[in-house]
Amino acid sequence: MLVWETCKYNQRLTGKGGERVSRHLTALLIKFAAITAILYVALGVIMDTSVTEILLMGAILTIVSYVLGDLMVLPAAGNSIAVFSDIVLAALLLWIMGNAMDNSAGTFVNALAVSVFLAIGEWFFHIYMRERVLDTWRKDPENV
């Protein structure tokens, strides 16, 4: 029974030829590259944060914001609310991680400023998500 349920779950997850998983992995890689690039410029070049800390912060921020913002908030509430929630989420996560790592993102003003720049990229990423990744958008374009 467990094997059958696992097979049914994998069929739903992968769809034809694993295209759904491929779309999500591609989206995660794009999001990680964009977030890490912005963090590198804002925290690495300007505020002298180490590359290791930037990569760790980028990975954590990518995973958390993808699940909460892109898969939950974006389909339910639309792009504007999803971008605003990404600003709040990124500011809080960067502030917490910055304090834990004792780097320049530890001040809330720095974390908030970086999260605003991240939100600009998120606006365009959400358009990509709705057009290429999310199934609900394909079925009902009025769901914005």
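Every number here is computed from the coordinates shown, using simple stated rules; none is lab data. Note that the structure is predicted; figures quoted are calculated from it, not measured. Cβ: placed from backbone, ideal geometry, glycine included. Neighbour counts: every protein chain shown.
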### Summary
Scanning region 86-108 residue by residue, those assigned to a helix (DSSP H, G or I) and either surrounded by 18 or more Cβ atoms within 10 Å (Cβ to Cβ) or within 12 Å of the chain's Cα centre (by Cα) (or both) turn out to be D86, I87, L89, A90, A91, L93, L94, W95, M97, G98, S104, A105
## Note on the structure
Quick count over region 45-71, residues being of a type outside the set (S, T, Y), farther than 10 Å from I35 by Cα and in a helix (DSSP H, G or I), is 12
### Query
Could you say which residue among D48, D70 is of a type in the set (D, E, K, R) and within 9 Å of the chain's Cα centre (by Cα)?
D70
### Task
Run down V64, V73, V83, V133 and say which single residue is in contact with a Phe, Trp or Tyr (Cβ under 7 Å, 6 or more places away or on another chain), within 25 Å of R20 (Cβ to Cβ) and surrounded by 13 or more Cβ atoms within 10 Å (Cβ to Cβ).
V83
### Task
Run down A111, A27 and say which single residue is free of Cβ contacts under 8 Å to residues at least 40 places away in the same chain, among the small types (G, A, S) and outside any loop (DSSP other than H, G, I, E, B).
A111
